[in-house]
Amino acid sequence: MIAIKTFFWQPSLVLTLTWFLGHYPPTQSNAALALPKTIPDLQASSGNARASKNAATNFRLPPKGAPGKRSEGAGSRGICPTVDVGITALIPPTSIGLTISERPIFWFYIPYGADLEKTADFVLLDDRENIIYKTRLQFVGAAGVASVALPATAPALELDKKYQWVFSYICNPDNSAEDAVVRGYVERVALSPEVTQQLRAAKTPEERLVVYAQNGFWYDTITLLSELLLAEPDKFQADWEALLRLPVIGLEEIATEPIVEQKVGN
């Protein structure tokens, strides 16, 4: 079982999510639902305190698009009640995000409260729509932003190939037509010699964040910024909100929602 401990900037809020694997026969043995390890050199970033702000406000959206669906309606369906904002994937409105990671992390806003037993399916498909990874997730807890990371046992994304992911939130176990479904795409790209040199020259996480953002690496930008935010919420909350509020991103409705710190357990 994978136990997920949560983190909020407001001490009065506590979010606990517990995920179990099932539904589909897993193509790999374990799902990873965890943020990367805390970045070790955060303290060294004090001399570059506003680099993250520059990254958050200057994300360059690549001229790519795909026929995805990043949000679901807020109306009631099955056991899922009416909410202010429906299930939302944290991706650009173009429905595709670039990454330089072999196994990127995917981000979702889950609006339902602790009184609702919640189950979701996550599926990753290649460019021929073959399923390369799938898992079922069950969790309880209050509303918030959560992440799903591909485990080390999942196939690495190949360069310059577009993969589709589908996140289906089950509102009626007896009728999949009532699922709240969001879908989007991820494409892994190769680093150019210039960007490789920029990353080698980056001495702090914030400087790496600027490189990611200026080159349009969405999944790497949001994941690194989440690490910074979890490590120092008072310092990076405004940066997180600024990224989501960018006109080219348009996720202002969930910009202030709490993010979940996830820890893998036995």
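Here is how the numbers come out for the structure above:
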item: FRET efficiency, Leu191 to Thr256 (Cβ-Cβ, R0 25 Å, nearest 0.05); result: 0.15
item: Residue-wise HN-Hα coupling along region 199-210, computed from phi with Karplus coefficients 6.51, -1.76, 1.60 (Hz; x: Gly, Pro); result: 5, 5, 7, 5, 9, 9, x, 5, 5, 5, 4, 4
item: Net lengthening on full extension, Ser76/Asn130 (0.36 nm per residue, minus Cα-Cα); result: 16.3 nm
item: Backbone HN-Hα couplings from phi across region 71-80 [Karplus 6.51/-1.76/1.60, Hz, Gly and Pro as x]; result: 9, 10, x, 8, x, 6, 7, x, 8, 8
item: Probe 1.4 Å, protein heavy atoms only - accessible area per residue of region 125-200 in square angstrom; result: 46
item: Separation of the Asp174 and Leu199 label points, Cα + 7 Å toward Cβ, nm; result: 5.1
item: Calculated from backbone phi, Karplus (6.51, -1.76, 1.60) coupling profile of region 163-174 in Hz, x at Gly/Pro; result: 10, 9, 10, 10, 10, 10, 8, 7, 9, 8, x, 9
item: Restricting region 114-171 to trypsin sites (Lys or Arg not before Pro) in coil, as DSSP defines it, with at most 13 other Cβ within 10 Å; result: Arg128, Lys161
item: Portion, in percent, of the accessible area of region 120-162 that falls on carbon or sulfur, probe 1.4 Å; result: 46
item: Length added when fully stretched, Val85-Ala231, from 0.36 nm per residue minus Cα-Cα; result: 49.9 nm
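The values are calculated or read from the model by the stated rules, or taken from the named source; none is laboratory data. Bear in mind the structure is a predicted one, so any value in this text is a computation, not a measurement. Cβ coordinates were reconstructed from backbone atoms using ideal geometry, including for glycine residues, and neighbour counts include every protein chain displayed. The protein model used for the area step is the full one, side chains on, heavy atoms only, and it has no ligands, DNA or RNA in it. Shrake-Rupley method; radii C 1.70, N 1.55, O 1.52, S 1.80 Å.
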